[in-house]
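The values are calculated or read from the model by the stated rules, or taken from the named source; none is laboratory data. Owing to the predicted nature of the structure, the values given are computational and were not obtained by experimental measurement. Counting neighbours? That spans all protein chains shown, and the Cβs are built from the backbone with ideal geometry, glycine included.
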Amino acid sequence: MPSLATHIPNRRRLDACDWSSYDTLYLGEPSCPLYPENFGRHLDELAAGVELVKRWGKRAVLSSYAVPRNEDLPWMRDLLGGAIERRLPLDGIEVHSLGVLVILQELSSPWPVTIGVGGNLYTVATARLLTEYGVVAGFPNPEVGLTEIEELVRDGGLELILQVHGKIPLGFSDLCFVVDYQKQVGTCEEVCFADHWLTRDGWTLKNIGRIVLSGKELCMIEHLPDLLEAGHRQFYIWTFAESPEYVAALGAVYREALDEAAGGGEYRVRPEWVETIRDFAPVGLCNGFYFSTAGQSYVGALEEESTEEAPVG
């Protein structure tokens, strides 16, 4: 059966949202180690989060810091080593840095490794190299199209996790644009969840401190049967810096859609799915780079205003 995943930065977020539609929860905010009570920085917080997620019967994956500098590697080694010593029942670790992969090898980590979206997974050669460091799965770079993804799966030796909804992460920085540049006051959590939009000549981006995101929502609900037919089973929704209502509503839509698409019958996009998707897409929808476009266009019936059921496949 298809699996649905997302990221959770800390315990407060874990408690505040309904994660019932998700199968795998990546614990940690990978762009900022300063994020309050970040699962990816604080071992005790991570241990408590893993315990709760496993109690729910879900997979728990540690999401590590995506853009470490030399001064970050000691505390990252301590965190990873501590998780190993405490034998946390993790189902895997997500990393974005080759240096962190080396640390995991040195520590004899027992967990399978996923390369994160910041790991620049573009080519088959990269995928093959990553397998030598214990990587078994990965998020392709958002700019990689479906044809290239097919090549990565066929020749790269990795299982790929495909984002099917949410804003597209376009770049990570180790400096916070909002705090350092705008000198905005408030806690990190308040800053990350505030709306900071960058607009110019009809296109829009969103900034959440250390990550630049697309303004439009990546939406692949019409194309789920094709993704399943191509053999993909691991899917992902970007929910960071979104409301609890977003987390629950989009999770429920894609859980139903994936189950229906995998059921073997005629797949139809339901009007209530369309209504929910549009309610949470103030800037509009796109298919990202999957169809070899520049990330702004949308292929499918949802670009129309009709709320009638749209047959797909």
Candidates 98, 90, 52, filtered to the one that is closer than 26 Å to residue 129 by Cα and modelled with pLDDT of 95 or more: 90
Positions within the range 274-288 being within 18 Å of the chain's Cα centre (by Cα) and outside any loop (DSSP other than H, G, I, E, B), in sequence order: 277, 285, 286
Any chance residue 174 is touching a helix residue (DSSP H, G or I) at 6+ places or on another chain (Cβ under 9 Å), at pLDDT 95 or above and more than 30 Å from residue 256 (Cα to Cα): no
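Could you tell me which residue of the range 257-273 is farthest from the chain's Cα centre (by Cα), considering only residues that are without any contact (Cβ under 8 Å) to a residue 24 or more places away in the chain and exposed (fewer than 15 other Cβ atoms within 10 Å of the Cβ)?
265
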Matching residues in the range 236-252 - criterion: being assigned to a helix (DSSP H, G or I) and either within 21 Å of residue 209 (Cβ to Cβ) or touching a residue at least 40 places away in the same chain (Cβ under 8 Å) (or both): 244, 246, 247, 248, 250, 251, 252
Number of the condition not met by residue 184 [criteria: (1) part of a strand (DSSP E or B); (2) modelled with pLDDT under 65]: (1)
Selection within the range 110-140 - buried (at least 21 other Cβ atoms within 10 Å of the Cβ) and either in contact with a Leu (Cβ under 6 Å, 6 or more places away or on another chain) or in a loop (DSSP other than H, G, I, E, B) (or both): 115, 116, 121, 127, 138, 139, 140
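Of a type outside the set (A, V, I, L, M), surrounded by fewer than 16 Cβ atoms within 10 Å (Cβ to Cβ) and on the phi > 0 side of the Ramachandran plot, is that true of residue 69?
Considered against the rule, which asks whether it is of a type outside the set (A, V, I, L, M), surrounded by fewer than 16 Cβ atoms within 10 Å (Cβ to Cβ) and on the phi > 0 side of the Ramachandran plot, residue 69 comes out as no.
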Within the range 43-66, tally of residues that are farther than 22 Å from residue 96 by Cβ and buried (at least 23 other Cβ atoms within 10 Å of the Cβ): 0
Identity of the residue in the range 211-238, farther than 19 Å from residue 139 by Cα and surrounded by 22 or more Cβ atoms within 10 Å (Cβ to Cβ), that ends up nearest to the chain's Cα centre (by Cα): 216
Residue satisfying all of: in the range 1-37; closer than 28 Å to residue 227 by Cβ and of a type in the set (Gly, Ala, Ser); farthest from the chain's Cα centre (by Cα) among these: 20
The one condition in (1) over 16 Å from the mean Cα position of the chain (by Cα); (2) buried (at least 19 other Cβ atoms within 10 Å of the Cβ) that residue 40 fails to fulfil: (1)
Within the range 239-256, considering residues that are at pLDDT 95 or above and of a type in the set (A, V, I, L, M, F, W, C), the one surrounded by the most Cβ atoms within 10 Å (Cβ to Cβ): 250
Scan of the range 66-87 for residues that are closer than 22 Å to residue 137 by Cα, modelled with pLDDT under 95 and not hydrophobic (A, V, I, L, M, F, W, C), ordered by number: 68
Looking only at the range 205-219, and only at residues there that are among the basic types (Lys, Arg) and more than 12 Å from residue 175 (Cβ to Cβ), the one that is modelled with the highest pLDDT: 216
